[in-house]
1. Looking at (1) surrounded by 12 or more Cβ atoms within 10 Å (Cβ to Cβ); (2) touching a residue at least 24 places away in the same chain (Cβ under 8 Å), can you tell me which one residue 111 breaks?
2. Of the residues 48, 65, 72, only one is at pLDDT 90 or above and surrounded by 13 or more Cβ atoms within 10 Å (Cβ to Cβ); which?
3. Please work out which one of (1) at pLDDT 85 or above; (2) over 17 Å from residue 34 (Cα atoms) is the condition residue 60 fails and give its number.
4. Under the condition of being of a type in the set (A, V, I, L, M) and surrounded by 11 or more Cβ atoms within 10 Å (Cβ to Cβ), which residue from segment 30-45 is farthest from residue 99 (Cα to Cα)?
5. Restricting to segment 1-29, name every residue that is out of contact with any helix residue (DSSP H, G or I) (no Cβ under 9 Å at 6 or more places or on another chain), of a type outside the set (Phe, Trp, Tyr) and either surrounded by 13 or more Cβ atoms within 10 Å (Cβ to Cβ) or assigned to a helix (DSSP H, G or I) (or both).
6. If a residue must be in a loop (DSSP other than H, G, I, E, B) and either more than 21 Å from residue 2 (Cα to Cα) or among the aliphatic types (A, V, I, L, M) (or both), how many such residues does segment 59-113 contain?
7. Which residue out of 105, 83 is modelled with pLDDT under 85 and either aromatic (Phe, Trp, Tyr) or loosely packed, with under 14 Cβ neighbours inside 10 Å (or both)?
8. Starting from residues that are surrounded by 11 or more Cβ atoms within 10 Å (Cβ to Cβ) and at pLDDT 90 or above, keep the ones in segment 86-102 and report whichever is farthest from residue 24 (Cα to Cα).
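The values are calculated or read from the model by the stated rules, or taken from the named source; none is laboratory data. What you are looking at is a predicted structure, and each value in this text was computed from that prediction instead of being measured. Here Cβ is always computed from backbone atoms with ideal geometry, including for glycine, and neighbour counts include all displayed protein chains.
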Amino acid sequence: MSERDWQRGDLQWWRAKGSDTFGPLGPVIAVNLDYKKSRLQTRINGEVKQSQMLSDLIFDAPAIVSFASQYVTLEPGDVIYMGTPGATTAMKPGDLAEVEIDGIGILRNKVVS
């Protein structure tokens, strides 16, 4: 989740990307998933807004993990949010956001202000 107005106006993006409830996660963590063969689909109120292969990320997962591990100690269970491929869309309070990844499942959240 990102608050684009904050992101545009702030020098650093921590508030726009790291506020409470902005990092929904779970209820499943997949292991041994070939993410390059998985599609991510985002729906808002049932309408598809994103539908792309995870292999379309600007940087692949091994490169991101390698980069992060140069600066922080990574431990089992740590999570690195990598964003999503493709364009995003604005959401408003009351919207139902669904993110589906092949081989993992669907995460559903109501957007609240």
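1. Unmet for residue 111, out of (1) surrounded by 12 or more Cβ atoms within 10 Å (Cβ to Cβ); (2) touching a residue at least 24 places away in the same chain (Cβ under 8 Å): (2).
2. 65
3. (2)
4. The extreme case among them is 33.
5. If the condition is that a residue be out of contact with any helix residue (DSSP H, G or I) (no Cβ under 9 Å at 6 or more places or on another chain), of a type outside the set (Phe, Trp, Tyr) and either surrounded by 13 or more Cβ atoms within 10 Å (Cβ to Cβ) or assigned to a helix (DSSP H, G or I) (or both), then 18 is the only one that fits.
6. Of the residues in that region, 19 qualify.
7. Just one listed residue meets the conditions, 83.
8. Top of the filtered list is 102.
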